[in-house]
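Here the structure is laid out as structure tokens; the discussion comes afterwards.
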């Protein structure tokens with residue numbers, strides 16, 4: 001058995017009420033880490049244009065089902081972790097508000113002590129494109145079921161506020177506290193997308209993730225002398241409830257490993273980067289996507 005060295009470490013995982021964040025929280029807890037998770041409930045009618053009752057009735061992956069998931073709290077995740085003997089606490093927080101970030105660290109420290117591992121998983125995905133609204137009506141892009149709009153200051157800022165700015169500020173807060181207490185070991189793992197380099201039909205999301213990757217490399221260089229490693233996991237398509245079965249089938253045909261990802265695939269990579277086995281790895285982008293990007 002491999003000892004990851006995570007027992008009794010404190011991990012802060014953002015966006016952990018579902019999907020990759022929830023799987024990461026559970027995987028870290030199974031390694032003995034004390035897990036402090038954050039989440040933000042997004043109402044289906046306000047965020048995705050889906051009636052709440054319609055979303056609540058959905059049982060199959062797709063738009064309605066996914067927006068139903070986004071409305072949930074993290075209570076079930078916390079209880080699942082406690083049921084197998086792990087330690088977990090959840091706090092709802094909007095990372096688009098910079099004032100909330102030091103509060104998260106204060107709360108985590110009060111509950112479990114200083115944060116040793118930071119996993120920046122929370123993301124905003126307001127789908128936009130350079131194609132005009134008039135043209136979009138003629139030829140819808142991406143997945144017709146999901147709303148898409150022409151890029152605007154609003155769509156740009158909604159993506160960058162969470163995917164780029166919040167990650168930078170979370171890393172700054174982590175580093176400041178780490179250095180102040182003269183800690184010698186720390187881990188930051190940021191979750192990107194394999195569409196970061198260029199993401200047609202989801203342009204601001206992709207660009208905000210690429211900016212996050214740049215922040216990661218800079219942080220790895222600057223924070224290495226303080227014992228902090230900083231790395232990126234770049235997932236391919238992961239079934240977190242958003243993929244209708246027909247889309248999932250089509251994507252699987254194009255992936256070398258002939259399947260899309262599951263949240264646990266990403267969680268396993270996070271645990272590796274957080275572990276002592278990754279002591280000499282920093283500033284890297286790890287493609288975890290079944291060979292979709294190489």
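Bear in mind that the values in this text are calculations on the coordinates, not laboratory data. As the structure is a prediction and not an experimental result, all values here were calculated from the model. Heads up, the Cβs are rebuilt from the backbone with ideal geometry, glycines too, and the neighbour counts pull from every protein chain shown.
By the compact-protein rule of thumb, 2.2 N^0.38 Å, the alpha-carbon radius of gyration of segment 10-288 corresponds to a ratio of 0.98. Ordering 67, 226 from the fewest to the most neighbouring beta carbons within 10 Å gives 226, 67. Here the sum of -39500 (n - 2.57) over DSSP H runs of 4 or more residues, divided by the residues of the chain, equals -12500 deg cm²/dmol at 222 nm, to the nearest 500. With the convex hull drawn over the C-alpha atoms of segment 134-246, the volume per residue is 114 Å³.
Using R0 = 41 Å, the C-beta based FRET efficiency linking residue 285 and residue 47 works out to 0.90. Post the alpha-carbon centroid distance, segment 189-236 to segment 4-25, in whole angstrom. Spelled out, the Cα-based centre of one part sits 18 Å from the other. Relative protection proxy for 275-282, 209-216, from highest mean packing down: 209-216, 275-282 (other beta-carbon atoms within 10 angstrom).
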